[in-house]
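Input: a single structure, listed below in C-alpha cells.
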Amino acid sequence: MPQSESPESAVLPPAELARPDAFAALRYPEFRNLMGGAFLFTIGIQIQEVVIAYALYTMTHRPIVLGLIGLAEALPFISLALFGGLLADRRDKRLLILSSVSFVVAGSTTLLWALLPSTRASLSQPALLAIIYGVIAAFGLARGVFAPAASSLSAFLVPRAVYPNSSAWRSTAWQAGAILGPASAGFLYAAFGLTSTLGIVIALFAASLALFSGLRGHPPQPVAAGSVPPKIWQSLREGIDFVLGNRIILYALSLDMFSVLFGGVVAILPVYAADILQVGPQGLGILRAAPSIGALLTLLVCTRYPPTYHAWRNLLIAVAGFGVMTLTFGLSRIFWLSAAALFVSGAFDSISVVIRNTILQVLPPDHLRGRVLSVNSIFISSSNELGAFQAGASASIFGATRSVLIGGSITLLIVATVWRRSKDLFKVRLD
C-alpha cells in the first residue's frame, strides 16, 4: 500500500516560512490525534494523582505517604526508561503507545476496586497502601514505554521547520490537561466521592486510547543493507553518550532536574490545603491548577513568539524565576498569594519546557531520538517523582514551610552555578 508523504519530507512554501504560523503543527492530522490523546490522558492522570494523594493524606495525615507516591512511580520508571527509548527506536511507536495506555486502564480499574467501600472495609490499612503503591509502580513501568514513544513520534508527524511550534503545542496540550485535571479533581471528589471520580478517570483513558488508535503505524528507521544492529547495551550507551557529549542538552536537562527536584512543591500541596491554608479539596484543586494555568497562557504566547532567539539566556532567567516564586509560595499564608506564586512559577517553567523540547527535537538524529528522549524522561522523572519523595521526606523532617524555602534557595544556587559554567552557550540560537 503506498504511503502518504511524510511530514519530514514536506517543504513549506516561502510565504509560510516568512511569517510565524501559530497553528502550523495543528495543520497535520496525525499530530492533532497525538495531542488530543495526550490531552485526555493527562487530564485523567492529573485527576487520579490529586484524588489519590488527598485520600491518602486524609487517611494518615503523614506527609511521607505523599513522598512515597513519587518514589513508587519513579523507581520502576527510571529502571525501564532507557529500554523504553530503545523500544521507541526499534518498534512501531503506535503499538507501544496503545499497549502502555491499555496497561494504565487496567491499573486504574484495580485502583477503583481497591478503594470501593466494601473492599476498603475488608483490608487493613497496610494492605490497602501496598495495593495502591503497587499500582502506582505499574504506572511507572507504563510511563517508561509511553513517554519516549509519544515524544519521539511527534518529530515524525511535522516537518523540521515546525519543531518549535509543535513543541509549544505539545506542552500546551499537557498544560491544558494539567489545568483541567487538578481543577476538576477537587470538585469531582467533593461532589461524587472518590470511587466515582476514579470511574471518570477510566473513561478519560478509554477516550485517549480511541484517539491514539487513529495514528498510522510508524515503524523504526530501516537499517542499512549489510549492517548489523548494535547490541542492546551498546544501543543504550549511544543515547547516553550523545547526551553527555552535548553540553547544551546536558546542562538544560540538569537545570530542569535539579530545580524541580529541590524547588518543586506540588507533592506537598495537600499539606498546605489541609493544614496550612485550610482550603480543603476544592482549594487543593485550585492550587494544583494554578501553575498549569500560568504555563498554558505563556505557551499560547510561545506558539507565535518562541523563546528560542536567545535560548540559553531565556532558559536561565526562567529557572531563576521559578526559584523566586517557590520562595514566595513558601513564605505566603494568604491563599490568593500562594495561588499567584504558583501561577507565575508555571509561566516560568513553561518557557524552559519549550526551549528544552526544541533542543531535543532539533539536535538528536532520527535514529537516536527515542533513546535521547528516554534519557530526558529519566531526568524529568528524577525531578518530578523523586522530587515528590524529597519534598515529602523533607516536610516530615523540617516541616512544610522550611522544606519549601530550602528548595527554592537551592534552585537559585544551581542557576548561579550553571550560569558561571556556560557563558559560551549564550551565543546558541535555535530559531
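Miscellaneous remarks
- Boolean, Tyr133 is surrounded by fewer than 24 Cβ atoms within 10 Å (Cβ to Cβ) and farther than 22 Å from Arg288 by Cβ: no
- Candidate set from region 302-348 (those that are in a helix (DSSP H, G or I) and of a type in the set (Phe, Trp, Tyr)); member that is modelled with the lowest pLDDT: Trp312
- Among (1) at pLDDT 85 or above; (2) surrounded by 18 or more Cβ atoms within 10 Å (Cβ to Cβ), the one test that Phe103 misses: (2)
- Test: residue in region 34-50 that is at pLDDT 80 or above and charged (D, E, K, R): yes
- Search result, residues across region 399-420 that are among the hydrophobic types (A, V, I, L, M, F, W, C) and either at pLDDT 85 or above or farther than 17 Å from His61 by Cβ (or both): Val404, Leu405, Ile406, Ile410, Leu412, Leu413, Ile414, Val415, Ala416, Val418, Trp419
- Counting the residues of region 260-286 that are buried (at least 23 other Cβ atoms within 10 Å of the Cβ), in contact with a Ser or Thr (Cβ under 8 Å, 6 or more places away or on another chain) and hydrophobic (A, V, I, L, M, F, W, C) gives 5.
- Search result, residues across region 324-336 that are touching a Leu at 6+ places or on another chain (Cβ under 9 Å) and surrounded by fewer than 23 Cβ atoms within 10 Å (Cβ to Cβ): Val324, Leu327, Thr328, Gly330, Leu331, Ser332, Arg333, Ile334, Phe335
- Leu80 meets each of the listed conditions (1) under 30 Å from Val271 (Cα atoms); (2) under 18 Å from the mean Cα position of the chain (by Cα) apart from (1).
- Exactly one residue out of Ile359, Ile351, Ile378 is at pLDDT 85 or above and surrounded by 23 or more Cβ atoms within 10 Å (Cβ to Cβ): that is Ile351.
- The set of residues in region 175-192 that are surrounded by 24 or more Cβ atoms within 10 Å (Cβ to Cβ) and either within 12 Å of Gly36 (Cα to Cα) or in contact with a strand residue (DSSP E or B) (Cβ under 9 Å, 6 or more places away or on another chain) (or both) contains only Gly177.
- Cross-chain or 6+ apart pairs with Cβ under 7 Å, region 169-185 first and in contact (Cβ under 8 Å) with a residue 40 or more places away in the chain and more than 18 Å from Val354 (Cα to Cα), then surrounded by 23 or more Cβ atoms within 10 Å (Cβ to Cβ) and basic (Lys, Arg): Pro182/Arg288
- Of all residues in region 64-79, those satisfying the criterion of being under 14 Å from Gly144 (Cβ atoms) and surrounded by fewer than 22 Cβ atoms within 10 Å (Cβ to Cβ) are Leu75, Pro76, Ile78, Ser79.
- Cβ separations smaller than 7 Å between residues 6+ apart or across chains give the following pairs from region 391-405 residues that are within 16 Å of Ala53 (Cβ to Cβ) and among the hydroxyl-bearing types (Ser, Thr, Tyr) to residues that are part of a helix (DSSP H, G or I) and at pLDDT below 85: Ser396/Pro63; Ser396/Ile64.
- The residue that is nearest to Ala149 (Cα to Cα), among those in region 164-206 that are in contact with a Gly (Cβ under 7 Å, 6 or more places away or on another chain) and of a type in the set (A, V, I, L, M), is Leu204.
The values are calculated or read from the model by the stated rules, or taken from the named source; none is laboratory data. No experiment lies behind these values; they were computed from the predicted model shown. So basically every Cβ, Gly included, is an ideal-geometry build from the backbone, and we count neighbours across all protein chains shown.
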